1. If you take the residues of segment 197-216 that are surrounded by 14 or more Cβ atoms within 10 Å (Cβ to Cβ) and among the aliphatic types (A, V, I, L, M), which of them is modelled with the lowest pLDDT?
2. Need the failing condition index for Arg137 against (1) in contact (Cβ under 8 Å) with a residue 12 or more places away in the chain; (2) among the basic types (Lys, Arg); (3) farther than 27 Å from Cys87 by Cβ, just the number.
3. Go through the residues of segment 152-161 one by one and say whether even a single one is in contact (Cβ under 8 Å) with a residue 24 or more places away in the chain, in contact with a strand residue (DSSP E or B) (Cβ under 8 Å, 6 or more places away or on another chain) and of a type in the set (Phe, Trp, Tyr).
4. Inside segment 125-195, counting only strands (runs of 3 or more DSSP E) that do not spill past its ends, which hold 2 or more residues that are under 22 Å from Tyr74 (Cα atoms)?
5. For residues that are touching a residue at least 60 places away in the same chain (Cβ under 8 Å), over 21 Å from Pro184 (Cβ atoms) and among the hydroxyl-bearing types (Ser, Thr, Tyr), tally how many sit in segment 34-92.
6. Take the residues in segment 147-164 that are charged (D, E, K, R) and touching a Ser or Thr at 6+ places or on another chain (Cβ under 9 Å); name whichever of them is surrounded by the most Cβ atoms within 10 Å (Cβ to Cβ).
7. Enumerate the pairs (first residue in segment 162-177 and under 16 Å from Pro37 (Cβ atoms); second residue anywhere and at pLDDT below 95 and surrounded by 21 or more Cβ atoms within 10 Å (Cβ to Cβ)) with beta-carbon separation below 7 Å, excluding pairs fewer than 6 apart on the same chain, so at least 6 apart or on different chains.
8. What tally of residues in segment 155-197 results from selecting those that are among the aromatic types (Phe, Trp, Tyr) and in contact with a Gly (Cβ under 9 Å, 6 or more places away or on another chain)?
Amino acid sequence: MLPLPRSFYEPSAAVVAPLLLGHWLIRNSPGGPCGGPIVEVEAYLAEDPASHGFGGETKRNHAMYGPPGRAYVYLIYGFHFCVNAVCRPAGCAEALLIRAIEPEEGLEAMRQNRRAAASFALTNGPGKLCAALAINRELDGVDLCDPSSPLYIARNPDLARFRRRRAPLAISPRVGITKAAALPLRFYLAGSPFISRPPRAGAAPSTGRSARSTPARPKR
């Protein structure tokens with residue numbers, strides 16, 4: 001599977017987010033490739049108070065400042081890792097948090113990395129998928145556009161059919177944040193059983209458009 005080109009990540013994270021759904025997150029592990037199609041993401045923008053890049057560049061968020069097509073990996077709660085795909089040209093901190101994938105390749109290795117009572121619970125959350133794929137801070141800054149990289153995102157050759165089968169594309173506020181909590185920057189394929197959680201009460205769960213559509217960048 002060929003990686004998505006770097007140019008794919010050059011637009012705003014709000015534009016790239018729905019386009020990323022259905023493409024494959026792949027971990028090149030010693031035992032072989034592991035991963036599956038991405039079904040849920042959240043966009044974090046340059047002037048977004050909820051973004052790690054909002055307060056300026058630090059040692060922790062350095063990878064978020066580009067170049068695009070790199071991984072930004074961080075630790076939360078002192079235990080769980082989260083992985084992001086960096087967007088926009090270098091110097092403009094925007095990224096997409098990958099919240100859920102459907103585990104398709106390397107299931108045995110993923111189950112050894114992370115025990116789950118049911119298969120749908122293996123990768124249905126940002127910390128869960130990082131545990132299952134053995135993603136940690138050592139992968140911060142790796143090139144997601146290089147198939148020899150320990151972590152990359154590959155073009156799904158059956159993308160149109162996958163999106164149809166997991167339709168509709170849904171948009172809701174992001175999960176587990178307090179700043180800019182109402183912005184509709186969570187994008188997911190509502191027909192997938194692997195999304196992390198349903199939309200918040202009162203949020204419109206779907207755009208009514210196909211998963212190929214591109215939303216306008218929200219006002220900030």
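The values are calculated or read from the model by the stated rules, or taken from the named source; none is laboratory data. This structure is a prediction, so every number in the text was calculated from the model and none was measured. Here Cβ is always computed from backbone atoms with ideal geometry, including for glycine, and neighbour counts include all displayed protein chains.
1. The qualifying residue modelled with the lowest pLDDT is Ala211.
2. (3)
3. Within segment 152-161 (the criterion being in contact (Cβ under 8 Å) with a residue 24 or more places away in the chain, in contact with a strand residue (DSSP E or B) (Cβ under 8 Å, 6 or more places away or on another chain) and of a type in the set (Phe, Trp, Tyr)), the answer is yes, since at least one residue qualifies.
4. Numbers: elements: 151-154, 169-172, 186-189.
The strands (runs of 3 or more DSSP E) meeting that bar are 151-154, 186-189.
5. 2
6. Here is the first cut: in segment 147-164, the ones charged (D, E, K, R) are 155, 158, 161, 163-164.
Subset that is touching a Ser or Thr at 6+ places or on another chain (Cβ under 9 Å): 163-164.
Working: Arg163: 22, Arg164: 14.
Filtering segment 147-164 for residues that are charged (D, E, K, R) and touching a Ser or Thr at 6+ places or on another chain (Cβ under 9 Å), the one surrounded by the most Cβ atoms within 10 Å (Cβ to Cβ) comes out as Arg163.
7. From residues that are under 16 Å from Pro37 (Cβ atoms), the pairs are Arg163/Ala211; Ala167/Ala211; Leu169/Ala211.
8. As a first pass, look at segment 155-197 and keep what is among the aromatic types (Phe, Trp, Tyr): 162, 187-188, 194.
Among the residues that remain, those that are also in contact with a Gly (Cβ under 9 Å, 6 or more places away or on another chain) are: 162, 194.
Number satisfying all stated conditions: 2.
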